[in-house]
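I have placed the structure first, in the form of structure tokens, so that the comments after it can refer back to it.
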Amino acid sequence: MKLILLTFFTILTLSQTLLGQEEHWIDKELDACLSIDSNQTTYGMNQCAYEGQQKWDKELNKYYKLLMNKLDANGKTSLKESQRQWIKYRDKEFEFIQYYYLQKQGTMWTNVVAGIKYHFIRNRALELKRIHEILDY
């Protein structure tokens with residue numbers, strides 16, 4: 001079962017690379033965390049994913065602030081509203097994901113939820129990063 005969960009996290013991370021997105025340092029840290037023997041438990045894998053979520057959230061906030069410093073007044077208003085709506089969407093999505101997956105039998109589903117949340121935050125952070133890079137271009 002633990003091998004299945006480790007494989008799940010690895011596939012999620014590799015899928016981003018296969019889709020043409022480079023592996024980010026946070027993804028590499030997640031892989032390293034998951035490869036530690038003591039993290040080959042449901043709790044350990046959840047902790048690795050949670051730490052990764054926190055790092056992605058910091059990355060998201062970093063690019064949000066960088067964008068706010070580059071945009072004009074209209075752009076700032078638009079980004080601010082977009083981010084507020086994304087947070088509402090994130091919260092509702094996480095609520096649904098937890099409701100759906102945590103009804104299933106087995107502790108592995110907590111790892112699935114952690115992985116989905118990790119990638120949800122990761123994707124938003126990378127969206128903001130891409131916008132920032134385009135403005136620099």
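Would it be correct to say that Lys92 is out of contact with any His (no Cβ under 9 Å at 6 or more places or on another chain), basic (Lys, Arg), modelled with pLDDT of 95 or more and open to solvent by 50 Å² or more (accessible area, probe 1.4 Å)?
Yes; evaluated as a whole, the condition is true for this residue.
Within the set of pairs 6 or more residues apart or between chains, which connect a residue that is closer than 18 Å to His119 by Cα inside the stretch 30-47 to a residue that is of a type in the set (Asp, Glu) with Cβ atoms less than 7 Å apart?
These pairs meet every condition: Cys33/Glu51.
Considering (1) open to solvent by 60 Å² or more (accessible area, probe 1.4 Å); (2) in contact with a helix residue (DSSP H, G or I) (Cβ under 7 Å, 6 or more places away or on another chain); (3) not hydroxyl-bearing (Ser, Thr, Tyr), say which one Gln105 fails and leave the rest.
Against the list (1) open to solvent by 60 Å² or more (accessible area, probe 1.4 Å); (2) in contact with a helix residue (DSSP H, G or I) (Cβ under 7 Å, 6 or more places away or on another chain); (3) not hydroxyl-bearing (Ser, Thr, Tyr), Gln105 comes up short only on (2).
Find the residue count for the stretch 49-85, including only residues that are buried (at least 16 other Cβ atoms within 10 Å of the Cβ) and not charged (D, E, K, R).
Here the count works out to 12.
The values are calculated or read from the model by the stated rules, or taken from the named source; none is laboratory data. This structure is a prediction, so every number in the text was calculated from the model and none was measured. Cβ sites come from the backbone with ideal geometry, for glycine too, and all protein chains shown count toward neighbours. Quick note on the areas: whole protein, heavy atoms, side chains included, nothing else; ligands and nucleic acids left out. Shrake-Rupley method; radii C 1.70, N 1.55, O 1.52, S 1.80 Å.
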